[in-house]
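Everything below concerns the one structure shown next.
The values are calculated or read from the model by the stated rules, or taken from the named source; none is laboratory data. Computed from a predicted model, the values in this text were never measured in an experiment. Cβ: placed from backbone, ideal geometry, glycine included. Neighbour counts: every protein chain shown. What goes into the accessible areas is simple: the full protein's heavy atoms, side chains included, and nothing from ligands, DNA or RNA. Shrake-Rupley method; radii C 1.70, N 1.55, O 1.52, S 1.80 Å.
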Amino acid sequence: MARILTGIQSSGKPHLGNLLGAILPAIELSQDEKNESFFFIADLHSLTTIKDAQTRIDNIYSVAAAWIACGFDTEKNLFYRQSKVPAVCELAWYLNCYTPFPMLANAHSFKDKSEKLADVNAGLFTYPVLMAADILLYDANYVPVGKDQKQHLEMTRDIASSFNHQYGETFVLPEAKIDENLMTIPGTDGQKMSKSYGNTIDIFQTDKKLRKNVMQIVTDSTPMEEPKNPDTCNVFAIYKILGTSDQVAQMRNNYEGGNYGYGHAKQALYELIVERFSEVREQYDFYINNIPELEKKLQAGEQRAAVIANEVLKRVRAKIGY
């Protein structure tokens, strides 16, 4: 059985792009009986940028509720908050003491912000080491990562290999699992859907707010009675990802046939989102309004994760003399 580990950002409520591009594919991977999945909410990493305590708490619960609502099986797999398994901080310190400064100075996460060093905290600089600790603490075999995170996984392997060379086999060397077919979900303005662009669709808001959100999708000024090109339309770009082949074909005919306005297309997209994610939205509302139930699932995963983490940490301590 392969052990797969995935870190989940806790930077806010997941949007449609997160669901389609990351959450649902990861859950599908976890449903393979050959895999054992460790999914953790990276709430320690969030401290590099988010300083408000209540914001962090709200973000954690939103993320947890979304993953569980989308069908992640917390009984078969492990689901936990990074901060609730403190062994990761201890291991991160040990690894820091074996990580050369130039390696961290060359990390994209640091270099991208190095022109304004006053905005760089030590946590951001050592971010890759905490990420390495997240992975090595659980003897992970595979780590699904985007291309932008591949460097950090390579650094994890380098740190682990160096430690193993000095002390003997201690860490499992993880392999990156990069999905070359990972979808880029377009936002309301046609760019990649991202909180930083302010172009997201939040499926977990009320029907009224969700509809208003969808109606804000940018379109051109082609009159309603004229035919339209679906392949250049932001509404159709999202619709074709969510719809069945028959639904997409019908929508294409609507565009090309004329007498079909963008308002009609947006209403159809809104209705499709509500239909497709009806159960997911219902489950999300249940958990976000029943935090004790959410806590039960998180704490159960954290107890199981701590047992594994402490065994690995014990192994490391013995090698370095603690």
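For segment 124-177, the set of residues classified as free of Cβ contacts under 8 Å to residues at least 60 places away in the same chain, under 22 Å from S46 (Cβ atoms), over 16 Å from the mean Cα position of the chain (by Cα) and open to solvent by 30 Å² or more (accessible area, probe 1.4 Å) consists of F125, T126, Q151, listed by residue number. So in segment 210-243, with the set limited to residues that are in contact (Cβ under 8 Å) with a residue 60 or more places away in the chain and in contact with a strand residue (DSSP E or B) (Cβ under 9 Å, 6 or more places away or on another chain), which one is farthest from E256 (Cα to Cα)? This residue is I241. Has segment 297-318 got at least one residue that is of a type in the set (D, E), out of contact with any Phe, Trp or Tyr (no Cβ under 6 Å at 6 or more places or on another chain), touching a residue at least 40 places away in the same chain (Cβ under 8 Å) and in a helix (DSSP H, G or I)? There is no residue in segment 297-318 that is of a type in the set (D, E), out of contact with any Phe, Trp or Tyr (no Cβ under 6 Å at 6 or more places or on another chain), touching a residue at least 40 places away in the same chain (Cβ under 8 Å) and in a helix (DSSP H, G or I). If we keep just the residues of segment 109-118 that are more than 29 Å from G301 (Cβ to Cβ) and either in contact with a helix residue (DSSP H, G or I) (Cβ under 9 Å, 6 or more places away or on another chain) or of a type in the set (D, E) (or both), which is surrounded by the fewest Cβ atoms within 10 Å (Cβ to Cβ)? That would be E115. For segment 179-232, the tally of residues that are of a type in the set (S, T, N, Q), surrounded by 14 or more Cβ atoms within 10 Å (Cβ to Cβ) and part of a helix (DSSP H, G or I) stands at 1.
Just so you know, in segment 192-251 the residues that are small (G, A, S) and under 26 Å from the mean Cα position of the chain (by Cα) include one that is nearest to R276 (Cα to Cα), and it is G243.
Quick check, is L272 open to solvent by less than 50 Å² (accessible area, probe 1.4 Å) and without any contact (Cβ under 8 Å) to a residue 60 or more places away in the chain? Answer is yes for this residue. The listed residues are N77, N106, N96, N121, and the only one of them that is surrounded by fewer than 21 Cβ atoms within 10 Å (Cβ to Cβ) and in contact with a strand residue (DSSP E or B) (Cβ under 6 Å, 6 or more places away or on another chain) turns out to be N77.
Scanning segment 60-69 turns up no residue that is over 23 Å from T184 (Cα atoms), open to solvent by 20 Å² or more (accessible area, probe 1.4 Å) and β-branched (V, I, T).
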